[in-house]
Amino acid sequence: KRATLGNTPAKLATANQLLNSLSKHLLPSFHLPAAASVFFEKELESQAVMEGKSVLLSCEVSSASVPVTWKKDNSVLEDGGRYILKKNGPTHSLEINKLYPEDAGEFCCITRGKKTTAKLIVKGKWILKQTEANTKHLVCILEGRPSTVRWLKNGQQIIGDHRCRIETTEAGVCTLVIKNLTANDSGIYTCEAVNKFGVISYNGNMTPIIIPLCL
């Protein structure tokens, strides 16, 4: 005849104690390790970059296996277009090509509740890079995006007509074309450009007889 413990409360309690005792001695125990602490070994650095240039923001995380999230002013950034997100081991970088004034702001890199932050300043006040001249053309190559460009001769604004033509491209090349030069065209010519950050101008002498290679 098979012996049974029955189902009385006292007998059930005794059985549970026996099972617990056997589990401690016979079954292996497993301990899940706590998540390793992650921190930024190299943080982002604030930068001030000229409009139209590129910028590279980079940081280094203590673990190469954790993912990161990039944000600009609380908006998540995705890889593509002018934003290039890269990962090289524990180093994460964000590259922005051809900066515009609206790219300025606060950027942050986030991982496991930790973040590093930097400010990007876009210097929008462009500079005049070069001026060239020949018998028919005066060319200003500008850096930046001026909203208004005008040419002056001896302080007086030049109005385009059948002899004078003013051309401006999106690349910042501003050209004054003067046809059929005469002695009266001698003088001081000014290329003046304006945007919301200020005004800049460049002066140069020109004569129709001896044309300087560089004003």
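Every read-out reported here was derived from the displayed coordinates using simple, explicitly stated rules and does not represent laboratory data. In this text the structure is predicted, and so the values were computed from the model without any measurement. Please note: Cβ atoms are built from the backbone with ideal geometry, for glycine as well, and neighbour counts cover all protein chains shown.
Find which of Ser58, Ser46, Ala118 sits farthest along the positive direction of the dipole of segment 40-123, computed with +1 on the beta-carbon of Lys and Arg, -1 on that of Asp and Glu, about the Cα centre.
Highest projection toward the positive end goes to Ser58.
Can you give the relative contact order of segment 40-123 as a percent, counting alpha carbon pairs under 8 Å and 6+ residues apart?
Numbers: 181 pairs, mean separation 33.4, N = 84.
For segment 40-123, the relative contact order is 40 percent.
So what J values fall out for segment 82-94 if you push phi through Karplus, 6.51 cos²θ - 1.76 cosθ + 1.60 with θ = phi - 60°, rounded to Hz, Gly and Pro as x?
Computed from phi, the couplings for segment 82-94 are 7, 9, 10, 9, 10, 9, 9, x, x, 8, 10, 9, 10 Hz.
May I ask you to work out the translational diffusion coefficient for segment 40-123 at 10 °C, viscosity 1.306 mPa s, via Stokes-Einstein with Rh from the Kirkwood sum over Cα pairs, reported in whole µm²/s?
Values: Rh = 12.8 Å.
So the translational diffusion coefficient is about 124 µm²/s.
What net charge is computed for the residues neighbouring Lys87, neighbours being all others with C-beta under 13 Å from the C-beta of Lys87, Lys and Arg scored +1, Asp and Glu -1? If you can, show how the numbers build up before the last one.
Working: positive: Lys86; negative: Glu60, Asp79, Glu95.
Here the count lands on -2.
Set the Förster radius R0 to 45 Å, insert the Cβ-Cβ distance between Ser62 and Gln17 as r into 1/(1 + (r/R0)^6), and round the FRET efficiency to 0.05.
0.45
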